[in-house]
Amino acid sequence: MLTVLTALCVALPGKSPAENNPRPTASIAATTTPNGYTQKWWKEAVVYQVYPRSFKDSNGDGIGDLPGITSKLDYLQNLGVNVIWLSPHYDSPNADNGYDIRDYRKVMKEFGTMDDFDALLKGIKQRHMRLIIDLVVNHTSDEHRWFVESRSSKDNPYRDYYIWRPGKPGAISPEGGIELPPNNDPSFFFGSAWQKDPATNEYYLHFFAVKQPDLNWDNPKVRNEVYDLMKFWLDKGVDGFRMDVIPLISKDQTFPELTPEQLQRPDIVYAHGPHRDEYLQEMNRSVMAKYDVMTVGEALGISLDETPLIVDERRHELNMIFDFATVRINRQGRHWKDWTLPALKAVYDKQDAALDIHSWNTVFLSNHDNPRLVSAFGDDSAANRVPSAKLLATMLFTLKGTPFVYQGDELAMTNYPFQRIEDFDDIEVKNGYKTEVLTGKITAADYIADLRKTSRDNARTPMQWDATTYAGFTTGAKPWLAVNPNYTQINAKEELADPNSVYHYYQKMIALRSKSPALIYGDYKDLDPTNPTSSPTGERSAARSILSSSTSQVRPEPTPSPKA
Ligand code: NOJ
Ligand code: CA
């Protein structure tokens, strides 16, 4: 039995997950597993995240789009995943690649039209898969019509859709008084979280970019707008939502100054507004309770012990959250931090202990905000990329919880060899460059060395479909972000033709998991928590050593033994 992997698999009677989930919209009769879990389609799903901008371009403009995704649905069905999570596809000026929404009921024009969305959804349903979409409602774009109205005057009916405060007086200098922002809340994308707006001389709150003003959830009109837009998409047939930074929706509107300690982890402060659970329960009553949906919250600032507050099914909030303790185990802000296998296993242990049969987990080590899976948790050298990617797949598909695959991880795509600031697109990287490098705090070389390992743009380079120009991602113009130069060796066409590829290993592991209720719901026990086979520097050898301390009962095929 694999040591850190789902051990002690409980044999469960009854239908296989595939039989339980024959049609996209069918609701499953609630059955209970011998160890007490209520069976649900979203617990049995394997989710595949599509970052539309980088998945497949259909019209040669260099930007991935919805028809591009539709053209690859057979590829996804063949892989065996059964839920697609689509990162934001809404109308947006793209200050943060779609996480800044201008119109929640329109499709981003670069991605296509509403007809293209409907065709994508139809294609997904025809293949008995489901679609969840990104719900980004902590903030909008500053180009959203609500904000355009809100900023226009203090008595505009939309003023209270956002959070406005006057500045406060600062020190008096010989030149006169200085005005300070309402408090010292920082933005995740550098600088103050307050931006002064000349039209009314007040400040608005933005936890992310200046172009991403935070909505005022204490205004019931805002909450109802959100519930309505959720219903708009659910009535179209989508199957749920991934909820962006959802714990941040409720603010302490007294805005106390953060202490130096709190400034180290503002996400913890921001995630603990007074009405968070009340609003999520209201959202559940108003929307989710009326549909058979899957909800997964991005749980910035929520500790493991608090997870049940949001996901315990008896509290009627969300189905699952993404807990960052695993995926960020190798990070200190933007800096890389070496990690060890026992430390990672300890998090899986803690997760298991924190969540009982009423709370369900997610399993993931990558997404569009993190570096590539095999580069961060495996060994992306030519010799070990394939075996370490297979090993990580074995772990992710055998842990208890719903697994999330990020596009390209099934090919073991790697980090990009960034050299210069111009190679990046991400607003976070660019803001950081202005704040840290251009002010002389650190050198450009140090900054880029960090980001080469940790930048989100690593995950956003175009999908590598084949060995033709631009990896078959686009037929025309240059892609919006450069293709990784290793596309001639690492691409879907090659892997589909090779029965021993990472793609085929994912396919087998997904099939095995789908046929084995024990792998989904079975109890977990780490039989060897302090296994020291990882090197102290962890980064390269730790993941490999997970399997080196195992027997082969769960493996669908012999795992190549990496040279440690
Ligand atoms: C989390 C998203 O995953 C990230 O991409 C985005 O920049 C922030 N939330 C702001 O929406
Ligand atoms: Ca396009």
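Coordinate-derived values only; no laboratory data. All of these numbers come straight from a predicted model, not from anything done at the bench. Here the Cβ positions follow ideal geometry from the backbone for every residue, glycine too, while neighbour counts run over all protein chains shown.
Do you know the relative contact order of the chain, to the nearest whole percent, from alpha carbon pairs under 8 angstrom that are 6+ apart? Once divided by the residue count of the chain, the mean separation gives 20 percent. For ILE357 and ASP528, a Förster radius of 35 Å and the Cβ-Cβ distance give a FRET efficiency of 0.90, rounded to the nearest 0.05. Here the relative contact order of segment 141-214, from alpha carbon pairs under 8 Å that lie six or more residues apart, stands at 29 percent. Along the axis of the charge dipole computed for segment 406-468 (Cβ charges of +1 for Lys and Arg, -1 for Asp and Glu, origin at the Cα centre), the listed residues THR468, THR443, GLN419 are led at the positive end by THR443.
Summary of packing: across the peptides 239-249, 188-198, 84-94, the per-residue average of other C-beta atoms within 10 Å ranks them, highest first, as 239-249, 84-94, 188-198. At full extension, LYS109 and ALA511 could sit 141.1 nm farther apart than now, given 0.36 nm per residue minus the alpha carbon distance.
Is segment 141-214 best put as rounded, prolate or oblate by its Cα gyration tensor, with a ≥ b ≥ c the root eigenvalues, rounded for a/c under 1.5, and otherwise prolate when a/b is larger than b/c, oblate when not? Oblate is the answer for segment 141-214, as a/c is 1.5 or above yet b/c matches or exceeds a/b.
Simple point charges give the picture: +1 on the Cβ of Lys and Arg, -1 on the Cβ of Asp and Glu, and for the chain a dipole about the Cα centre of about 1140 debye.
A straight line joining the Cα centroids of segment 375-391 and segment 232-249 runs 34 Å. Basic side chains Lys and Arg get +1 at the Cβ, acidic Asp and Glu get -1 at the Cβ, and with that the dipole of segment 243-311 about its Cα centre reaches some 200 debye. Rg and Dmax over the alpha-carbon atoms of the chain stand at 23.3, 80 Å. Using the Cβ-Cβ distance between ASP155 and THR488 with R0 = 45 Å, the FRET efficiency computed as 1/(1 + (r/R0)^6) comes to roughly 0.15. Does segment 449-500 come out rounded, prolate or oblate by the C-alpha gyration tensor, with a ≥ b ≥ c the root eigenvalues, rounded set by a/c under 1.5 and, if not, prolate when a/b is larger than b/c and oblate if not? Verdict is oblate for segment 449-500. The DSSP beta bridges internal to the chain are antiparallel in roughly 45% of cases. Applying 0.36 nm per residue to the separation of LYS236 and LYS125 and subtracting their alpha-carbon distance, the gain on full extension is 38.8 nm. Per-residue Cβ neighbour counts within 10 Å put ASP74, ASP528 in the sequence ASP74, ASP528, beginning with the fewest.
For segment 79-172, a crude dipole built from +1 on the beta carbon of Lys and Arg and -1 on the beta carbon of Asp and Glu, taken about the Cα centre, is about 260 debye to the nearest 20. Taking the C-alpha atoms only, the angle from helix 114-126 to the longest principal axis of the chain is near 30 degrees.
For a paramagnetic label modelled on ALA477 (point 7 Å from Cα along Cα→Cβ), amide N atoms under 14 Å away belong, within segment 59-74, to 59-65.
Specify which residue in the list GLN332, ASN35, TRP194 is farthest towards the positive end of the charge dipole of the chain, using unit charges on the beta carbon of Lys, Arg (+1) and Asp, Glu (-1), about the Cα centre. My answer, from the dipole projection, is ASN35. For the chain, the residue among ILE490, PHE232, ASN367 whose Cα projects farthest onto the positive side of the dipole built from Cβ charges is ILE490. Within segment 181-323, DSSP assigns beta bridges of which about 40% are antiparallel (rounded to the nearest 5).
Packing around the peptides 437-444, 128-135, taken as the average count of other Cβ atoms within 10 Å per residue, puts them in this order, highest first: 128-135, 437-444. When each of the peptides 54-61, 484-491 is scored by how many other beta carbons lie within 10 Å of its residues on average, the order from highest to lowest is 54-61, 484-491.
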